[in-house]
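The values are calculated or read from the model by the stated rules, or taken from the named source; none is laboratory data. Predicted model, so just to flag it, every value in this text is computed and none were measured. Reconstructed Cβ throughout: ideal geometry from the backbone, glycine too, with neighbour counts over all protein chains shown. Heavy atoms of the whole protein, side chains included, go into the accessibility calculation; ligands, DNA and RNA do not. Shrake-Rupley method; radii C 1.70, N 1.55, O 1.52, S 1.80 Å.
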Amino acid sequence: DALPIYSVYRERRALPFPTGPGISQTPLETGQDTARTMDASTCAKMAVVLLLLALGSPAEACMCRPRHLQMAYCDSDVVVRGKIVGEGKEISDPAQSRPPQTRYEIQVSEIYKGYDQVPALQYLYASNQESLCGYRHVSTNWSEEFVFSGHIHDDKVTINLCSLHVPWSKLRLDQQTGLERVYRNGCNCRIKSCYKSCSENTPDECLWTDGMGTGNWDGYQAHHLACIRKGNECSWQSAINP
């Protein structure tokens with residue numbers, strides 16, 4: 001089956017104040033307020049909580065929203081198909097204060113978008129930090145082709161957890177055709193995800209209802225359709241014969 005396509009958003013969660021036997025609330029003699037008395041164990045817990053908050057993990061996490069394959073294509077600088085044939089750690093420059101990255105060597109078979117910017121693409125870069133939506137390529141099948149999408153930063157193509165990293169064999173024929181020649185014609189349209197309900201779309205939008213009420217976005221629109229402008233309006237069209 002085809003895999004769902006996702007986009008990224010960030011969520012900050014507050015860690016709870018520790019509770020338990022180490023904390024008691026004792027009324028002051030005046031009766032106007034309360035005081036917290038903490039033993040050594042509780043103080044240690046508080047120190048850990050404050051440290052985690054300062055580091056930003058796990059208080060800050062990366063999650064992904066559903067995104068139609070066409071929008072993943074349109075919102076990216078680069079979309080390619082190829083095999084990962086090597087992996088190595090990039091040495092960070094302390095002067096740039098940039099988190100360490102993993103450098104993936106890719107053997108490119110097709111560039112669907114961004115050829116004018118990276119005609120000789122050789123490497124993809126991904127953060128190692130989960131809180132920065134870091135991506136880890138876990139497939140051990142070096143002959144398997146994947147579709148990757150990314151953005152160009154400092155002349156490097158970077159990918160993250162919510163970029164495209166889908167096995168080519170998992171995409172339907174309509175999706176493969178869309179990447180090859182159809183989705184590019186719909187980048188002046190937007191695809192609006194409908195979760196529980198959906199307001200009326202504008203002339204520039206197509207309503208994506210595959211997952212409405214169910215959360216299962218692997219439906220007919222995702223697998224077979226593209227949002228293409230016809231005249232003054234955008235509408236769903238066959239991704240093979242738009």
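The table that follows gives values for the structure above.
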| item | result |
| --- | --- |
| Principal semi-axes in Å for segment 159-242 [√(5λ), Cα gyration tensor, largest first] | 20, 18, 12 |
| Percent of beta bridges antiparallel (DSSP, segment 94-242, rounded to nearest 5) | 75 percent |
| Net dipole in debye of segment 153-242 [+1 Lys, Arg Cβ; -1 Asp, Glu Cβ; about Cα centre; nearest 20] | 120 debye |
| Surface accessible to a 1.4 Å probe, per residue, for the residues of segment 85-216, Å² | 56 Å² |
